[in-house]
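What follows draws every value from the coordinates through simple rules; no lab data is involved. Just so we're clear, the structure is a prediction, and the values are computed from it rather than from any experiment. Every residue, glycine among them, receives a Cβ derived from its backbone with ideal geometry; neighbour counts consider all protein chains shown.
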């Protein structure tokens, strides 16, 4: 799970998805709903914040990693997204 915020810290959208990981370093795609970004009316750059990686094969889910802020995206206008 991950949150997108605009440069002033306003919440834009919540994203996430399921992935299957192998040991080692790899990139993970995080899905965000373009229509929700458009509806927010907030343009980027966005910050990827409050990111949580959890193992959902256990009950309850086990938190494997957390990050408060993974940095900023390039600049986007909100109306570039699906609407």
Q. When the label point is put 7 Å from the Cα of residue 11 along its Cα-to-beta-carbon vector, which residues of the stretch 47-79 have a backbone N closer than 14 Å?
A. 49-51
**Q.** Normalised per residue, the volume of the convex hull around the Cα set of the chain (Å³)
**A.** 107 Å³
Q) Taking other Cβ within 10 Å of each residue's Cβ, how do 30, 37, 63 sort, fewest first? A) 63, 30, 37
Q: With a point put 7 Å past each Cα toward its Cβ, work out how far residue 74 is from residue 53 in nm, to one decimal.
A: 2.5 nm
(Q) If I stretch the segment between residue 1 and residue 30 completely, what's the gain in nm (0.36 nm per residue apart, minus their alpha carbon distance), one decimal? (A) 9.6 nm
